[in-house]
Amino acid sequence: MISRLPFISSALAGASGVGLGAFGAHALRGRLIELGHLETWQTAVHYHLLHAVALLALAVLAAVQPRRLACWIAAFWAAGIVLFSGSLYWYSFSGPYFVVYLTPLGGVCFLVGWLLLLFWNNSPRPASSGA
């Protein structure tokens, strides 16, 4: 059976993305506007939730066509959420400017995950448990 990493990652990313989106839209809105970071926060939420949906689609695809590659793709997308969106959240909430240097690393993780998807059909399937 394929690892549950894509499914678990999608659930956690979706829940945290919705929570952070709501937090920014309500509790932090005034502060984000004051700092001029509302759009940055919204960008972080956008990419966060987009990749939560992509992780869910990956989990469904992996259930239908199990591939070891699914865990690598999920790991890169999850790392992208943490590095890309996480650095933008931190910076938006008046974190130090240097955290934005993590943002491109997160973008690279997103890209690597998407590029790995190109190899889906040629990647090895998990070994069967021999039923």
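Coordinate-derived values only; no laboratory data. Bear in mind that the values here come from a model prediction, so they are computed numbers and not experimental data. Positions of Cβ are generated from backbone atoms using ideal geometry, with glycine treated the same way; all protein chains shown enter the neighbour counts.
Shape of the stretch 51-111 from the C-alpha gyration tensor: prolate (a/c of 1.5 or more and a/b above b/c, with a ≥ b ≥ c the square roots of its eigenvalues). Note on the chain: Cα convex hull, mean projected area over all directions, 8.1 nm². Test of understanding: in a Gaussian network model of the chain with alpha carbons linked when under 10 Å, which of PRO66, PRO96, PRO104 would top the mean-square fluctuation ranking? Comparing PRO66, PRO96, PRO104 in a Gaussian network model of the chain, the most mobile one is PRO96.
Summing Lys, Arg as +1 and Asp, Glu as -1, what charge do residues with Cβ under 14 Å from the Cβ of ALA75 carry, ALA75 excluded? Value of the local net charge: +3.
Under the convention that each Lys and Arg Cβ holds +1 and each Asp and Glu Cβ holds -1, the size of the dipole of the chain around its Cα centre is about 380 debye. In terms of surrounding Cβ atoms within a 10 Å radius of their Cβ, SER94, SER9 rank from fewest to most as SER94, SER9. With a 10 Å cut-off between alpha carbons and a GNM built on the chain, which of LEU69, LEU83, LEU117 moves the most? It is LEU117. The angle between the Cα long axis of helix 103-117 and the longest principal axis of the Cα atoms of the chain comes to about 20 degrees, rounded to the nearest 10. On a 0 to 90° scale, report how tilted helix 38-64 is relative to the longest principal axis of the chain, with both axes built from alpha carbons and the result rounded to the nearest 10. It works out to around 10 degrees.
Result for the chain in a Gaussian network model with C-alpha springs under 10 Å: among VAL82, VAL64, VAL112, the largest mean-square fluctuation is at VAL64.
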